[in-house]
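As structure tokens, the structure follows; a few thoughts come after it.
The values are calculated or read from the model by the stated rules, or taken from the named source; none is laboratory data. Since the model is a prediction, treat every value here as computed from it, not as a measurement. Here the Cβ is made from the backbone with ideal geometry for all residues, glycine too, and neighbour counts use every protein chain on show.
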């Protein structure tokens with residue numbers, strides 16, 4: 001239950017609204033009890049003709065003195081005589097019953113109308129407040145989860161499917177909502193209503209009411225067994241739903257590949273298998289959930305039937321229960337069926353919520369592998385150089401990616417990383433913004449190990465254009481100014497011009513207000529790349545990281561962007577990766593990687609003159 005208590009902790013910031021909701025729940029339960037309480041006097045007036053007695057008449061031996069009742073009933077219900085309220089309320093009821101039958105019924109009807117109005121207003125207000133509290137708590141939890149996901153390192157996402165993570169932010173939160181609603185609205189309100197109903201039953205006849213509640217312990221035991229099974233099967237169903245969401249995300253994102261390879265039938269088959277798993281798991285879960293209500297109701301009906309039989313003997317043979325009292329007893333017990341059935345569903349919803357909470361908190365409790373140390377230092381600028389010192393890295397111990405990489409990136413210099421695919425170029429670059437940390441050696445920034453620096457201030461020194469260009473479903477202006485506040489239109493335009501993007505943007509009907517679609521689908525590959533470069537340039541960082549920055553450009557676009565990059569690289573530190581060796585010929589130093597090792601360093605001319613890997617790569621591209 002610790003996960004459930006932790007979930008309820010998100011309600012704490014909204015104690016005021018929660019207290020208001022609980023107050024109106026109490027009002028609802030109290031007025032529900034009062035509504036039931038009118039049954040007994042109404043039956044008594046209509047069938048036992050108590051109103052034939054006259055107020056003010058002399059007391060009859062063995063009966064209450066009407067004059068004393070009238071005196072008591074005339075006293076107001078104030079805070080000072082709070083201790084006497086039960087006696088005064090009883091006197092007011094008895095005074096009503098001593099009136100003529102029609103007058104008594106009129107008074108009861110007016111009282112019933114007022115109470116029902118208060119009851120329903122209270123029901124609305126408790127829902128009004130509890131929905132606000134419930135949704136605010138879920139908003140906070142959802143926001144906390146989203147913020148935490150942004151702090152997790154890339155290695156975390158390498159082992160997770162995007163659809164599964166999305167499922168926890170959608171499907172699991174629906175179960176959490178139901179659990180919070182169950183524990184607050186239904187749990188509290190129905191418990192209070194049940195207490196009121198059982199209180200009236202005991203008031204009518206404590207002997208018969210005591211017999212009735214003997215069924216509650218075995219019923220609770222059965223519901224406990226159902227709850228445990230429910231939690232287990234709910235976890236399985238939620239996992240299957242996560243698999244389904246992951247497959248949908250993959251098939252939609254990869255629809256171009258699916259159609260290009262004519263794999264629609266194959267994808268339909270994969271989806272059908274996962275979809276069947278969701279159906280089977282959900283059916284098993286719902287079968288268990290469906291057992292809670294009928295089991296509790298059967299037990300209550302058995303009690304009610306038994307009470308009818310016992311009550312008949314008590315009225316007609318033993319004369320220990322008056323008819324109006326027995327009628328109140330039966331009505332109160334029958335009324336308790338609804339809150340008990342609801343509480344059975346509360347248990348089911350809570351068990352599902354606990355399962356969902358465990359999955360959500362598992363993510364929140366996942367510690368990022370890349371995090372600031374307690375004494376991390378703030379980076380306030382770049383002054384000297386970045387050094388890779390005998391850097392080693394692997395995703396798993398069996399497959400090393402980098403094995404003793406060493407080189408330096410001086411301020412104002414341009415260093416290029418080249419090598420065949422899989423040589424470790426991108427991984428090497430990813431170590432500088434600390435997307436990963438080396439497992440051996442170190443990377444220093446002005447002589448300080450990156451792990452000793454405050455992460456946000458380190459990354460503020462970097463402008464990155466990744467190999468896979470990613471644009472958000474937003475305007476071109478918002479994508480260029482991404483992550484920056486209060487950026488002027490002139491600055492956005494200047495960055496676009498520098499990246500040779502302004503010309504094609506200005507030709508669009510909406511210009512910089514054009515929506516680019518998901519992942520920039522409305523733009524060509526070259527256009528997306530130029531927008532990404534403009535985004536990096538607008539930050540005006542001292543260090544540029546260009547991972548295949550021109551890989552998606554046609555010849556003309558590549559020429560324009562390369563000209564812009566040449567201008568911007570002046571007096572700026574640049575680490576660049578390029579398969580096209582023609583784009584790095586003017587680099588100050590070229591580092592050649594092969595299978596995670598540095599096999600050569602030098603200028604373009606020096607490496608070309610040597611008979612090594614760089615020359616072979618160059619000749620292959622030239623001959624192609």
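Quick look at the numbers
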{"quantity": "Hits in the range 482-495 - residues which are more than 10 Å from residue 512 (Cα to Cα) and either crowded, with 22+ Cβ neighbours inside 10 Å or not assigned by TED's automatic domain parsing to the domain that holds residue 528 (or both)", "calculated": "495"}
{"quantity": "Answer residue from the range 371-383, given it is buried (at least 16 other Cβ atoms within 10 Å of the Cβ) and under 36 Å from the mean Cα position of the chain (by Cα) and is nearest to residue 573 (Cα to Cα) among those", "calculated": "379"}
{"quantity": "Number of the condition not met by residue 364 [criteria: (1) touching a strand residue (DSSP E or B) at 6+ places or on another chain (Cβ under 8 Å); (2) surrounded by fewer than 22 Cβ atoms within 10 Å (Cβ to Cβ)]", "calculated": "(1)"}
{"quantity": "Any hit, the range 591-609, residues being under 30 Å from residue 394 (Cβ atoms), touching a helix residue (DSSP H, G or I) at 6+ places or on another chain (Cβ under 6 Å), at pLDDT below 80 and surrounded by 14 or more Cβ atoms within 10 Å (Cβ to Cβ)", "calculated": "no"}
{"quantity": "Residue in the range 137-145 that is modelled with pLDDT under 85, part of a helix (DSSP H, G or I) and touching a helix residue (DSSP H, G or I) at 6+ places or on another chain (Cβ under 7 Å) present", "calculated": "yes"}
{"quantity": "Members of the range 496-542 found to be in a helix (DSSP H, G or I), under 37 Å from the mean Cα position of the chain (by Cα) and within 24 Å of residue 381 (Cα to Cα), listed by number", "calculated": "532, 533, 534, 535, 536, 537, 538"}
{"quantity": "Residue within the range 430-440 that is farther than 23 Å from residue 573 by Cα and at pLDDT 90 or above present", "calculated": "yes"}
{"quantity": "Conditions (1) in contact with a helix residue (DSSP H, G or I) (Cβ under 6 Å, 6 or more places away or on another chain); (2) over 11 Å from residue 532 (Cβ atoms); number of the one not met by residue 471", "calculated": "(2)"}
{"quantity": "Residue 307 vs. criteria in a helix (DSSP H, G or I), touching a helix residue (DSSP H, G or I) at 6+ places or on another chain (Cβ under 8 Å), modelled with pLDDT of 85 or more and more than 26 Å from residue 593 (Cα to Cα)", "calculated": "no"}
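Rundown of residues vs (1) more than 52 Å from the chain's Cα centre (by Cα); (2) closer than 14 Å to residue 414 by Cα; (3) in contact (Cβ under 8 Å) with a residue 24 or more places away in the chain, yes/no style:
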residue: 573; (1), (2), (3): no, yes, yes
residue: 576; (1), (2), (3): no, yes, yes
residue: 584; (1), (2), (3): no, yes, yes
residue: 587; (1), (2), (3): no, yes, yes
residue: 590; (1), (2), (3): no, yes, yes
residue: 607; (1), (2), (3): yes, no, no
residue: 616; (1), (2), (3): yes, no, no
residue: 621; (1), (2), (3): no, no, yes
